[in-house]
Amino acid sequence: MAESKFGDMIHARLIPGADTSGKLVSEVKKKASEIAKKKSKEWILIDVSPAGLVINKYDLNEKISEKIKSYCQEEEIELLTKIPYSRIIVESLKKGELFVDNDQDLRERMLKVKSHLIKKLEVE
């Protein structure tokens with residue numbers, strides 16, 4: 001667990017593609033729920049977009065990223081942005097910082113996603 005200026009941040013070290021990655025994500029969500037209850041928080045923000053998709057670390061395997069992009073088009077899921085692998089993100093998370101405070105390009109990408117989601121949620 002780390003703290004950011006917006007509240008607690010629950011995270012774990014995930015080995016991409018590992019057999020236990022789904023279990024680890026479930027454990028992180030469970031821990032976040034426990035902490036939220038303990039601190040009387042009504043909301044938990046999980047890095048999943050209900051109104052579109054963000055491809056994280058898209059440049060680690062561009063062939064897979066293209067398959068994801070094609071799937072989104074077939075299923076009419078909006079691709080909000082693609083985030084490249086970045087040591088800045090890793091280092092920010094280790095320090096309990098927001099990566100958008102440490103990388104202008106990533107900040108601009110995420111602000112566009114935020115703006116899009118706000119507009120989309122206002123309409124629905």
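The values are calculated or read from the model by the stated rules, or taken from the named source; none is laboratory data. From a predicted model like this one, the values you see are computed outputs, not experimental measurements. Here the Cβ is made from the backbone with ideal geometry for all residues, glycine too, and neighbour counts use every protein chain on show.
Among the residues that make up the stretch 64-74, is at least one of them hydroxyl-bearing (S, T, Y) and in the same structural domain as A2 (by TED's automatic domain parsing)? Within the stretch 64-74, not a single residue is hydroxyl-bearing (S, T, Y) and in the same structural domain as A2 (by TED's automatic domain parsing). Restricting the stretch 109-122 to residues that are free of Cβ contacts under 8 Å to residues at least 24 places away in the same chain and more than 15 Å from the chain's Cα centre (by Cα), the residue that is nearest to D59 (Cα to Cα) is S115.
Listed here are the residues, each with its yes/no results for (1) at pLDDT 90 or above; (2) within 25 Å of H11 (Cα to Cα); (3) not β-branched (V, I, T).
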| site | (1), (2), (3) |
| --- | --- |
| Y71 | no, no, yes |
| Y85 | yes, yes, yes |
| L98 | no, yes, yes |
| R109 | yes, yes, yes |
| K114 | no, yes, yes |
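Pairing residues of the stretch 69-95 that are farther than 15 Å from N56 by Cα with residues that are surrounded by 12 or more Cβ atoms within 10 Å (Cβ to Cβ), at Cβ distances under 6 Å and at least 6 apart in sequence or on separate chains, gives I77/L53; S92/F99; S92/N102.
Comparison of S40, S65, S33, S49 shows that the only residue that is modelled with pLDDT of 80 or more and in contact with a helix residue (DSSP H, G or I) (Cβ under 8 Å, 6 or more places away or on another chain) is S65.
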